[in-house]
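The values are calculated or read from the model by the stated rules, or taken from the named source; none is laboratory data. Just so you know, these numbers come straight off a predicted model, no measurement behind them. Every residue, glycine as well, gets a Cβ built from its backbone with ideal geometry; the counts of neighbours run over all protein chains shown. The protein model used for the area step is the full one, side chains on, heavy atoms only, and it has no ligands, DNA or RNA in it. Shrake-Rupley method; radii C 1.70, N 1.55, O 1.52, S 1.80 Å.
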Amino acid sequence: MYAERASRLPGAVVWTRVLAGTAPSGGTAAAPALRTETASPRVAAAMSALASGAEHGDGRGAGHGDGRGAGTEDGSGTARSAVLPDGCMDLLWTEGRLLVAGPDTRPYIPDAVPGGWAGVRFFPGTAPAYLGVPASELRDRRVELTDLWPASEVRRLTARIDAAADPVEALEEVALLRAAEAEPPDPLLREVVAALDAGRPVRETADGLGLGARQLHRRSLAAFGYGPKTLARVLRLQRALALARAGVPFAETALRAGFADQAHLARDVKELAGATLGELVGHR
């Protein structure tokens, strides 16, 4: 079960996710995951609050309303339960733990863990300013928040969230307070995202912002975790997923999302998501 709502932090999303069922045996040590067993009562209550008017019914996974993030809610198949690249970073909580999910360039298959997970998904490019670490250092990683912030502070915040009547609300408060204390993200980064998400070429984007190609690349590494070409591919992938999940035929999806043709779409989806578009959206 997945639910989300817009955060009070501009551009961010607050989400919760649990998956009823039995965790697979023989897994690795518990890792930050969106796929879980049965939610704890407080997480379940928080999910019920979020779910009113926000829960997906179309198989979209953890992430934005445009289909970004993980796959289906039923857990059927590795491909559709993977967390896919979306250009974002998340602050994650499960009882007793706070973690950060860095920007992905490949599908992430989460381990099943007891209880539920909640997160604040930051708008692309904004998390490094709040967390105090370049996104490139967290690319394709999930790390304990104690690796980034003082352990005493993280223990205090974790205890506060664990004890809160609404831990999801408490997690959002942590993100809001951190954002208020930090230097604001560079507003130019939102322009980068808007331009690339509109399908503009990287060179045209750089020229339009008055940046050289190397300047844009350096800023992108720090803010998004990878260069602007990779960000453009990730955003294009998400446009394609949103269209395909809305029932748009794949050939039309390819053209509308900005691919040269359907074969180009198939190659890019396979490389970034590790599966075919049909597997990701449930077409067999």
Q) Does region 269-281 hold any residues that are buried (at least 20 other Cβ atoms within 10 Å of the Cβ) and closer than 21 Å to Pro103 by Cβ, and which are they? A) Val269, Leu272, Ala273, Leu280
Q) Any idea which of (1) open to solvent by 20 Å² or more (accessible area, probe 1.4 Å); (2) in contact (Cβ under 8 Å) with a residue 60 or more places away in the chain; (3) touching a Pro at 6+ places or on another chain (Cβ under 8 Å) is the one Val192 doesn't satisfy? A) (1)
Q: Being without any contact (Cβ under 8 Å) to a residue 40 or more places away in the chain and surrounded by 14 or more Cβ atoms within 10 Å (Cβ to Cβ) narrows it down to one of Ala260, Ala180, Ala254, so name that one.
A: Ala254
Q. Based on what the data block shows, is Leu131 open to solvent by less than 10 Å² (accessible area, probe 1.4 Å) and in contact with a helix residue (DSSP H, G or I) (Cβ under 8 Å, 6 or more places away or on another chain)?
A. yes
Q: Kindly indicate the residue of region 143-152 that is open to solvent by 50 Å² or more (accessible area, probe 1.4 Å) and in a helix (DSSP H, G or I) and also nearest to Ala175 (Cα to Cα) among those meeting that condition.
A: Thr146
Q: Mind telling me which of the residues Leu235, Leu280, Leu272 ends up being at pLDDT below 95 and assigned to a helix (DSSP H, G or I)?
A: Leu280
Q. How many residues does region 238-268 contain that are charged (D, E, K, R) and assigned to a loop (DSSP other than H, G, I, E, B)?
A. 1
Q. Which of the following residues is touching a strand residue (DSSP E or B) at 6+ places or on another chain (Cβ under 7 Å) and not aromatic (Phe, Trp, Tyr): Leu171, Leu189?
A. Leu171
